[in-house]
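A short write-up of the structure that comes next.
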Amino acid sequence: MPKTPLDIGLIRADFPILNRELASGKKLVYLDSTATAQKPIAVINAMDEFYRLNNANIHRGIHTLAEESTAMYEKARQQIADFINASAAREVIYTRNTTESINLVAYTWARANLKAGDVIILTEMEHHSNLVPWQILTAERGVRLEFVPVTDDYLFDMDAYRELLKLEPKLISFTHMSNVLGTINPAKEIIRLAHEAGALTLVDGAQSVPHLPVDVQDLDADFMAFSAHKMVGPTGIGALYGKMDLLQSMPPFLGGGDMIRTVHLREFVANEVPYKFEAGTPAIAEAIGFGAAAAYLQNIGMDAVAAHEHEMTEYVLERLAEIPGIKVFGPEAEHKGAVASFEMDGVHPHDVAQILDSEGIAVRAGHHCAQPLHEMCGVQSTTRASFYLYNTKEEVDALVEGIYKVKKIFG
Ligand code: 7TS
């Protein structure tokens, strides 16, 4: 990996919250970007200016503000499409978040195409949002779920996957990067094999799109789900990327305004893609903030972001390995994003997180919406520190000092 070309000082200056002093008098050390990332001025200003200058509803007015709002909403779609290298902006559908994007596929494509006995392959390292929609579908339709196991070194089990593909699955829905282990799955190979077996693919990009260069055309993904808030954008908005022919073949998701071309008392004709999937007044300011976030990251360069995070991963693994009684779950740095979920001998993760908080260090404790994965790891919960483009090695050092404080308190 190249040495990081990021000027972290300059990047940190873009994120006002990172200067915050906490009530304890400690400076904030934000190590919870896997849950949600902090927001740069560029995103905050884009949304603020929209409300100050342009606010109107979209796709329905001919006055100046309505036209400006519509143009800004659609420009953001293009910025997001560019960010993941979609071949057309229309292949990006606005949703509320990754969860809704996955549900959109489950409620439209899957219900239109799957029947009892059809196989869907997931993995054991999924977030609940890529488990529960399929469990609901199973209860309703009798589709069959199969799971690619996680190997002893916390990787996607490619051999087991090849075996499962013999079941002629209809869909492989998998996380590109685990939010607990940090495991970066070989998405391109997983997709290639799926297509060879005649299956479609849905990539949960909630963690990969913010942290790695992601090119949906190069991956040949059929669907990709991601959230703005994890990639320095606002909450309340996410996206579903889909290949155009698939999106065109799918029935609408929610019914209402904007998703129709014509409506009669007893029937309607659906609008074209992507509007067919965007019923009702959407999160307009948030879409504009989402576009600004994509442009912000693209301007920095995702190769540089990934290289910086790789350095952080190596450093945090090295530092945590020095501490007796700490077990980090996840693969070697080579296959891992900047997430460190760990267990500490004899101390509950909530106590770890609370003591770290008293030092100004924000981490998450719990099952991180991946209960089955924790069961597989033989633990109920972990403490998780996660890193992004604005984090520094000094913050890793602060984490390590904080952990030593926990050890002291708990003897
Ligand atoms: N998939 C993965 C891999 C995730 O990490 C998350 C959120 C989601 C899906 C759902 O995203 P949402 O935006 O729809 O909520 N993960 C986490 C987390 O690790 N801590 O808080 C949210």
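The values are calculated or read from the model by the stated rules, or taken from the named source; none is laboratory data. None of these values were measured; they are calculated from a predicted model. As a convention, Cβ positions derive from the backbone with ideal geometry for all residues, glycine included, and neighbour counts pool all protein chains shown. Note: accessible area is taken over every heavy atom of the protein model, side chains too, but ligands, DNA and RNA are not part of it. Shrake-Rupley method; radii C 1.70, N 1.55, O 1.52, S 1.80 Å.
Sites listed here are trypsin sites (Lys or Arg not before Pro) in the stretch 55-102 whose DSSP assignment is loop and whose Cβ has at most 14 other Cβ atoms within 10 Å: Arg60. Give the longest segment of the chain that steers clear of GluC sites (Glu not before Pro) in DSSP loops with at most 13 neighbouring Cβ atoms within 10 Å, not counting the sites themselves. In short, 1-266. Sorted into 10 angstrom bins from 0, the C-alpha pair distances of the stretch 110-175 split as 22, 52, 23, 3 percent. Across the stretch 211-332, counting alpha-carbon atoms alone, Rg and Dmax equal 20.4, 70 Å.
Over all directions, average the projected area of the Cα convex hull of the stretch 44-299 and note it in nm². Kindly include the intermediate steps, with their values, before the conclusion.
Values: hull surface 56.7 nm².
With every direction weighted equally, the projected area is 14.2 nm².
Every helix of 4 or more DSSP H residues in the chain counts as -39500 (n - 2.57), and over all residues that averages to -11500 deg cm²/dmol at 222 nm.
Within the set of other residues whose C-beta is less than 11 Å from the C-beta of Asp14, count the net charge using Lys and Arg as +1 and Asp and Glu as -1.
On the way: positive: Arg12, Lys39; negative: Asp7.
Net charge in that neighbourhood comes out at +1.
Please list, in order, the residues from the stretch 219-246 whose amide nitrogen is less than 12 Å from a point placed 7 Å along the Cα→Cβ vector of Arg192. Label zone hits: 219-220.
Around Asn57, under 12 Å between beta carbons, what's the net of Lys plus Arg minus Asp minus Glu among the other residues? Taking every Cβ under 12 Å from that of Asn57, the sum is -2. Of the trypsin sites (Lys or Arg not before Pro) found in the stretch 258-317, the ones in coil according to DSSP and having at most 12 other Cβ atoms within 10 Å of their Cβ are Arg266.
The equivalent ellipsoid that matches the C-alpha gyration tensor of the stretch 114-234 spans semi-axes of 22, 16, 14 angstrom, in descending order.
Taken one residue at a time, the phi angles of the stretch 194-205 give Karplus couplings (6.51, -1.76, 1.60, θ = phi - 60°) of 4, 5, 4, 8, x, 9, 8, 10, 10, 9, 7, x Hz. Gly and Pro are set to x. Solvent-accessible area assigned to carbon and sulfur over the chain amounts to 51 percent, based on a 1.4 Å probe.
Evaluate the charge dipole of the chain about its Cα centre and quote only its size in Debye, nearest 20, assuming +1 on the Cβ of each Lys and Arg and -1 on the Cβ of each Asp and Glu.
On the way: 35 positive and 54 negative charges, 207 e Å.
That gives a dipole near 1000 debye.
The stretch 263-362 gives an Rg/Rh value of 1.23, both radii derived from C-alpha positions and Rh following Kirkwood.
Using alpha-carbon pairs under 8 Å, 6+ residues apart, how would you state the relative contact order of the chain in percent?
22
Surface analysis of the stretch 85-242 yields an accessible area of 32 Å² per residue, using protein heavy atoms and a 1.4 Å probe. What figure, in Å² to the nearest 10, do you get for the accessible area of Asp258 with a 1.4 Å probe and non-protein molecules left out? Rounded to the nearest 10, the figure is 30 Å². Using θ = phi - 60° in the Karplus curve 6.51 cos²θ - 1.76 cosθ + 1.60, the 3J(HN,Hα) couplings for the stretch 209-226 round to 4, x, 10, 10, x, 10, 10, 5, 6, 5, 5, 6, 5, 7, 9, 9, 10, 7 Hz; x is entered for Gly and Pro.
Karplus-based coupling profile of the stretch 175-187, in residue order and whole Hz: 7, 6, 9, 6, 7, 10, 7, x, 3, 9, 7, x, 4, with θ = phi - 60° in 6.51 cos²θ - 1.76 cosθ + 1.60 and x standing for Gly or Pro. Across every pair of non-identical alpha carbons in the stretch 11-66, the mean reciprocal distance, once inverted, gives a Kirkwood radius of 14.0 Å.
Applying 1/(1 + (r/R0)^6) with R0 = 30 Å to the Cβ-Cβ distance of Glu318 and Asp82 gives a FRET efficiency near 0.25.
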